[in-house]
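Since the structure comes first, as C-alpha cells, the remarks are kept for the end.
The values are calculated or read from the model by the stated rules, or taken from the named source; none is laboratory data. Small disclaimer: the values here were computed from a predicted structure and weren't measured. Here the Cβ positions follow ideal geometry from the backbone for every residue, glycine too, while neighbour counts run over all protein chains shown. SASA here: full protein model, heavy atoms, side chains in, ligands and nucleic acids out. Shrake-Rupley method; radii C 1.70, N 1.55, O 1.52, S 1.80 Å.
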Amino acid sequence: MTTGKDKELIRKLALLNAINYNGKARFQPVFGKLLAEKPNLKARVREISPIVAEIVEAVNRLFLEEQEREVKAKWPEALVKEKVEAEKKLPPLPNVEKYKRVITRFSPNPDCVLHLGSARAIILCYEYAKMYNGSFYLRFEDTDPKLKRPQLSFYDLIREDLEWLGCRWDVEFIQSDRLPIYYEHAEKLLAGGNAYVCTCKPPDFRKMVLAKHACPCRNLPANEQLSRWRKMLDGTCGEGEAVVRIKTDLDHPNPAVREWPALRIIDTERYPHPRVGSKYRVWPLYNFACGIDDHLLGITHIIRGKEHLTNQKRQEYMYRHFGWEYPEAIHYGRMKITGATLSKSKIVQGMRDDIFTGWDDPRLATFIALRKRGITPEAIRRLIIDVGPKPVDVVLSWENLNAHNRKIIDPVANRYFFVHDPKRMVVKDVSQAVTAKVPLHPDDPEKGFRQFQVKPENKEASLWISNRDMSIVTKGKIVRLMGLFNVQIGNVAKGVVEAVYHSESYEEARKLGAPLIHWILADTGIPCEVVMPDATIARGIAEDGCRELKANDTVQFERFGFVKVESVNWKLKVYYAHR
Ligand SMILES: [Zn+2]
C-alpha cells in the first residue's frame with residue numbers, strides 16, 4: 001500500500017519539478033527522484049507509477065504561483081537550495097599570457113537589428129574582456145553596399161541594443177571608414193606576388209579551381225597585376241569584370257578555401273553606400289576586411305560560431321603572406337531556440353512581406369522585441385553564460401530564457417489582478433461590507449497592500465471573474481476569491497455566475513481544497529490590452545491600482561503572467577512576458 005507519507009513525498013517532488021520547469025512537472029524525473037529517495041519502492045513500480053502520474057497531473061493543473069505557494073508553506077527548506085545555486089562561470093580563454101591585454105570584438109553588419117542569435121557573440125566577447133581587464137571593440141562590417149546593404153538607422157539601433165545589454169564597448173570602428181587601409185594592403189599583396197587580379201569569367205574560373213589549376217591571371221607579373229588593380233579603381237573595369245584573389249594552395253582539400261576573392265567592384269552609382277555614397281567602387285569582401293582588421297586592431301581572441309572555421313583557413317593564407325600571427329580563435333557550436341526565428345534573412349523577409357508589425361513584433365527574438373516584452377538583459381546574460389563557448393550544438397527553448405527572467409523579476413514585480421475576458425459573478429448572502437487586503441508582493445509585506453472595499457447591496461456583491469476560470473466555477477463547488485472570502489457556486493446561466501457567501505478564512509478554503517481565483521469589483525478597474533507573444537491581444541480589466549503604473553514597469557498579473565507596461569492612459573496596454 002502507498003502511504004499518505006509516500007504520496008506527500010511524490011507531491012513535493014512533482015511540485016519542485018514543476019517549479020523548475022515553468023509550472024509543468026514531468027513524470028520521468030519525478031519518478032526517478034522518488035526511487036532514488038525511496039529505493040524500497042522499486043519493488044512496487046507497477047503500483048506506484050499510476051499514482052505518480054496522477055499526482056503529476058494534479059500538480060500541473062495548478063498555476064505556478066500556487067505551486068510555489070504550496071512548497072513555500074509546506075517545505076520552505078526545499079527552495080533554499082535553488083537560491084544559493086552558484087552562478088556558472090565561463091571557462092578560461094586559451095593563451096592569455098601570450099598577450100599584454102585581451103582584446104575581443106563584436107562585428108555586426110548594420111543591415112538588420114540584433115537578435116538573440118547575436119547574443120552569444122556579444123556577451124561572450126564582452127564578458128571575457130571584462131574577466132581579463134581587457135578591451136571590447138565594436139566593429140561595423142559594412143562593406144557590401146549591394147547585397148547586404150547597410151542602413152544608417154541600424155548603426156544606432158545596434159548601439160542601443162548593446163547599451164541595453166550592458167555590453168559597453170571601449171572603441172568603435174566602421175569598416176567603410178577604412179577603405180584606404182584595405183587598398184594599401186591589397187597593393188602590398190599584389191606587388192609581393194601573393195594576390196592577383198583575376199578577370200576570368202566566374203564559371204571558367206570555377207572549373208579551373210575545382211581542377212586545382214591556376215587561372216591565366218595567377219602568374220602574370222606584379223606590374224601587370226598593379227596595372228589591372230588601377231583599372232579596377234579608376235573605372236576602366238566594370239562590376240563583375242575583375243576581382244582580387246588571394247593565393248592559396250591550389251590543391252587545398254576544401255575547394256572553398258582555394259584562391260578566395262578579397263576585393264571586388266560594386267557599381268556604387270547604382271548602389272551607393274549609405275555612409276560614403278559613391279566615393280569608392282572597389283570593396284573588400286568579408287574575409288579580407290575582417291582578417292586585416294583583426295590583426296591591425298590587435299584582436300587577441302576571436303570568439304565566434306563554428307561556421308567560421310573555413311574562414312579561418314582562408315584568412316590564415318593571408319596572414320602567412322603578411323608574416324602575421326593568427327589570433328586565438330574559439331569557435332562555439334550552433335545555438336537553436338525552438339520556436340524563435342534566429343535567421344536574419346528570415347526576419348528581414350518577414351518584414352518585407354509585412355508579416356511582422358515592426359522590428360519589435362512580439363513574435364521576433366530581436367532585442368527590441370524582447371525588451372518590450374519585459375525580458376531583462378540579465379536573463380539573456382545568464383542564459384548565454386550557462387551555454388558558454390562550447391563547440392557542441394545546443395537547442396534551447398523560450399522556457400530556458402523565461403526561467404532565468406522569472407528568477408530576476410519575480411522577487412521585485414508587484415502583483416495585480418487582471419480579469420481576462422470578464423464574466424459577471426453575483427455573490428448572495430454577503431451580510432456586511434468586507435475589505436479585502438491583498439499584498440503587492442506575497443514575499444514582501446513591506447511593499448504594502450491593495451485594498452478593495454466590497455459593499456453589498458441587498459446583501460449582493462457584484463464582481464468580474466475571468467472566462468478562463470469558468471471551468472473551475474461549477475455548480476456546488478467552493479472557491480476562494482483571493483484575499484476576500486469563500487463562496488459556493490450556484491447556477492451559471494447566460495454567462496452570469498451565481499454564488500453564495502460560504503466562509504471567510506483562507507484556512508477554511510485550504511481545508512476544503514477550494515481553488516483560488518482572482519476577481520475585480522464590478523464598476524471598478526481600467527480596460528487593459530495584453531499583447532501576447534503570438535501578437536494576438538488579450539482584453540480584459542485590470543484593477544484600479546494599475547492606473548498608477550508607468551511605462552516600462554514590469555508587474556505580475558496574478559494567475560496570468562508577467563507583463564511589461566507599454567502605456568497607461570484611459571486604458572492600459574502591456575506586453576506579455578511569460579508565466
Ligand atoms: Zn583569372
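Observations on the model:
- Unmet criterion (only one of (1) of a type outside the set (A, V, I, L, M, F, W, C); (2) within 30 Å of L296 (Cβ to Cβ); (3) surrounded by fewer than 18 Cβ atoms within 10 Å (Cβ to Cβ)) for K24: (2)
- Residue check, T474 at pLDDT below 95 and surrounded by fewer than 18 Cβ atoms within 10 Å (Cβ to Cβ): yes
- When restricted to residues that are among the basic types (K, R) and in a loop (DSSP other than H, G, I, E, B), the range 438-476 contains 3.
- Between F140, F173, the distinction of being in contact (Cβ under 8 Å) with a residue 24 or more places away in the chain and under 26 Å from the mean Cα position of the chain (by Cα) belongs to F140 only.
- Residue check, I246 under 29 Å from S107 (Cβ atoms) and away from the ligand (no atom under 14 Å from the Cβ): no
- The helices (runs of 4 or more DSSP H) located wholly in the range 196-305 that include 3 or more residues which are within 30 Å of A129 (Cα to Cα) and at pLDDT 95 or above occupy 286-296.
- Annotation: of all residues in the range 184-207 being open to solvent by 30 Å² or more (accessible area, probe 1.4 Å) and more than 16 Å from the ligand (Cβ to nearest atom), the one that is nearest to the chain's Cα centre (by Cα) is E184.
- Restricting the range 521-556 to residues that are touching an Asp or Glu at 6+ places or on another chain (Cβ under 6 Å) and open to solvent by 60 Å² or more (accessible area, probe 1.4 Å), the residue that is nearest to I368 (Cα to Cα): I537
- Filter pass, R270 being charged (D, E, K, R) and within 13 Å of the ligand (Cβ to nearest atom): no
- Residue count for the range 491-508, restricted to those that are under 17 Å from D429 (Cβ atoms) and either under 40 Å from the mean Cα position of the chain (by Cα) or in a strand (DSSP E or B) (or both): 9
- Against the list (1) more than 11 Å from the ligand (Cβ to nearest atom); (2) farther than 30 Å from N133 by Cβ, the condition L162 fails is (2).
- Failed item, numbered, when K89 is tested on (1) touching a Lys or Arg at 6+ places or on another chain (Cβ under 9 Å); (2) open to solvent by 80 Å² or more (accessible area, probe 1.4 Å); (3) under 29 Å from N22 (Cβ atoms): (1)
- Identity of the residue in the range 311-328, part of a loop (DSSP other than H, G, I, E, B) and touching a residue at least 24 places away in the same chain (Cβ under 8 Å), that ends up least open to solvent (accessible area, probe 1.4 Å): P327
- Meets criteria (surrounded by 16 or more Cβ atoms within 10 Å (Cβ to Cβ) and over 29 Å from N402 (Cβ atoms)) for L41: yes
- Filter result for L210 (more than 21 Å from D267 (Cα to Cα), more than 12 Å from the ligand (Cβ to nearest atom) and buried (at least 17 other Cβ atoms within 10 Å of the Cβ)): no
- Looking across the range 428-437 at every residue that is open to solvent by 70 Å² or more (accessible area, probe 1.4 Å) and assigned to a strand (DSSP E or B), the one that is modelled with the lowest pLDDT is identified as K437.
- Among the residues making up the range 218-230, those that are touching a residue at least 24 places away in the same chain (Cβ under 8 Å) and either among the hydrophobic types (A, V, I, L, M, F, W, C) or more than 13 Å from the ligand (Cβ to nearest atom) (or both) are L220, A222, L226, W229.
- Looking across the range 48-73 at every residue that is open to solvent by less than 70 Å² (accessible area, probe 1.4 Å) and of a type in the set (D, E), the one that is nearest to the chain's Cα centre (by Cα) is identified as E65.
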